[in-house]
Amino acid sequence: MASKVVSWIDKRFPLTAVIKHELTEYPVPKNLTYWWNFGFLAGAVLMIQIVSGLFLAMHYKADAQLAFDSVQNIMREVNYGWLIRYMHSTGSAAFFAVIYIHMARTLYYGSYRAPRELMWWSGQVLLLMLMATAFMGYLLPWGQMSYWGAQVITNLFGVTPFIGADIVIWLRGDFVVGDATLTRFFVLHYLFPFLICVIVVIHLVALHYVKSSNPSGINLCDKDNIPFHPYYTVKDVYGIMLFLIIFSLFMFFAPETFIEAENNVPANPMVTPAHIVPEWYFLPFFAILKAVPSLLGGVVAMALSIMLFAAMPYLDRSNIPGGARYRPFYRAMFYVFILNIFVLGYVGAAVPTETLTLVGQISTALYFLSFALLPFVSKYEESWLKKRGLDDELAAMMACEIELKQKHKDSHQ
C-alpha cells in the first residue's frame, strides 16, 4: 500500500527523486567526524523551539499586566506547562551552544572558503536572525531582567546619527518599554522562527550544491564519496541521542541554570537590578560593548564583532587545503581566539571592576587583532611552509585531488 501511494505521488511530484538526491544518495566524504553532526543538531533544536513555542503561545498573554502571571500560570496550571516552558528556555541555550560549535568547526577547517562563501554568509544571516529572535523572546517573561535588558538594548539604537531617537521609539512602539513593546516583540518572536526556516532551506541548498567540505582538504568527486544514508544517518541518530541525554539532564534537573534569578521577579520600572546582564550567549559581545568608553564606539564595536565573520572568505588568503590541520600559525590563532571568547564571556558576566575593565579592553583588542592579522599571517604561513619544504606533502595532496577529478572526468567521456 505504501509503495502504491509513493508511486502515485512520484507521477505527480518528484518525491523519491528529491529524497534520493538530497538525502539518501547525497554524496559525502568518507572521513567526516562527529564535528559535522552539529549542523543536524541545529536543525533538531530549531524544531524543538518551534513546537514548544507554539504550545507556549497558546497560553501566553502579550500584555504588560498579564504576561508575568501568564508564565506562572503555564508553569503551575497548564498540564505539563512546566515541561514545555523549560524545554523552550533550555532549548534557546542549547541552540546557541550548537550554533557556536558549528561555527567553530567551520572556522577550524576553513569551510568558509571558496566555493562555499554563500553558504557561510547564509549561516551568518541565520546567526543574526537567531540573535534577534532570542533577544525578543528574552523580554516575554516580563521579569526584572527581561524588562531592564530590553531597556538597555533598545537604548543602544539611540546612538544612530540623526534618526536614533526615532528608531528607539519605533522599536518600543512607545516612548518607554511597555505594553506596545511587549506586543510587537511577541509577534516578531513568533514570526522569526518561520523566516529562519526559509533561510535554513537556502543554507541547505547552498551546502548541497557545493557539497560538504572534506576535513583533509581534498574535495573528491561524487563517485569517490559515500552516500549519506545509511552511513551518516546512523551517525546523526547517535549524535542526537547523546545530545538529548545532556539536554534532558538540564531540562529536568537544572532547568533554572539558564534563567536569571531576577527574572522570577515581576518587571518593575521603579527598581533597577544591581547588575544587568544578558543571556550567556550574548556575554562576549556585551563585554566588547562595555570595553569601549564611548557608547557610540561600543555599539559600533559590538556590531562589527559579529559582522566581521562574513569577511572571513576574503581575510583568509591562504591556498593551503585542510584548514587549521596543516596550518600551524592559523591553528594557534584559532585556539587563542576561542580562549579569548571565553575570557570575554567571563568579563561580560562579572560585576565591573577596574581590573576586569582592563582585561575586557585587552581581550577586545585581541579579538579584532585576530581578524586584522589574518590576511598577513595566512600569506606568511605559506612562505614559511615553503622555506622548510613542508609544502611538498600539501602539493602532493592537491595533485592527488586533480588526478582523481581528471579520472572521474575521463570515465564520463
Does the stretch 179-194 contain at least one residue that is loosely packed, with under 13 Cβ neighbours inside 10 Å, assigned by TED's automatic domain parsing to the domain that holds VAL45 and assigned to a loop (DSSP other than H, G, I, E, B)? no
Selected residue [farther than 26 Å from ALA310 by Cα, in a helix (DSSP H, G or I) and polar (S, T, N, Q)] from GLN124, GLN72: GLN72
Only listed residue being over 29 Å from SER370 (Cα atoms) and in a helix (DSSP H, G or I), chosen from MET312, MET241: MET241
In the stretch 320-345, the residues that are surrounded by fewer than 17 Cβ atoms within 10 Å (Cβ to Cβ) and of a type in the set (D, E, K, R): ARG325, ARG331
Looking at SER318, SER370, SER305, SER363, can you tell me which residue is in contact with a Phe, Trp or Tyr (Cβ under 8 Å, 6 or more places away or on another chain), polar (S, T, N, Q), within 30 Å of LEU385 (Cα to Cα) and at pLDDT 95 or above? SER370
Search result, residues across the stretch 153-184 that are farther than 21 Å from THR272 by Cα and touching a residue at least 60 places away in the same chain (Cβ under 8 Å): VAL159, THR183
Among (1) touching a residue at least 40 places away in the same chain (Cβ under 8 Å); (2) part of a helix (DSSP H, G or I); (3) touching a Pro at 6+ places or on another chain (Cβ under 9 Å), the one test that GLU382 misses: (3)
Of everything in the stretch 110-161, what is closer than 21 Å to GLY173 by Cβ, at pLDDT 95 or above and among the β-branched types (Val, Ile, Thr)? Give them in sequence order. THR133
If ALA42 passes every condition in (1) surrounded by 20 or more Cβ atoms within 10 Å (Cβ to Cβ); (2) outside any helix (DSSP H, G or I) but one, which one does it miss? (2)
Suppose we filter the stretch 258-294 for residues that are surrounded by 12 or more Cβ atoms within 10 Å (Cβ to Cβ) and not in a loop (DSSP other than H, G, I, E, B); how many remain? 17
Of all residues in the stretch 317-362, which are of a type in the set (Ser, Thr, Tyr) and within 23 Å of the chain's Cα centre (by Cα)? TYR330, TYR335, TYR346
Of the criteria (1) modelled with pLDDT under 90; (2) over 21 Å from the mean Cα position of the chain (by Cα), which one VAL176 fails: (1)
Hey, does the stretch 260-278 have a residue that's under 30 Å from PHE371 (Cα atoms) and among the hydrophobic types (A, V, I, L, M, F, W, C)? yes
Within the stretch 51-69, residues assigned to a helix (DSSP H, G or I), hydrophobic (A, V, I, L, M, F, W, C) and surrounded by fewer than 17 Cβ atoms within 10 Å (Cβ to Cβ) come out as VAL51, LEU54, ALA57
Given TYR335, TYR326, which one is at pLDDT 95 or above and within 22 Å of TRP120 (Cα to Cα)? TYR335
If a residue must be under 23 Å from the mean Cα position of the chain (by Cα) and in a loop (DSSP other than H, G, I, E, B), how many such residues does the stretch 142-170 contain? 0
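The values are calculated or read from the model by the stated rules, or taken from the named source; none is laboratory data. As the structure is a computational prediction, the values presented were derived from the model and not from experiment. Quick reminder, even Gly has a Cβ in these numbers, built from the backbone with ideal geometry, and neighbours come from all protein chains shown.
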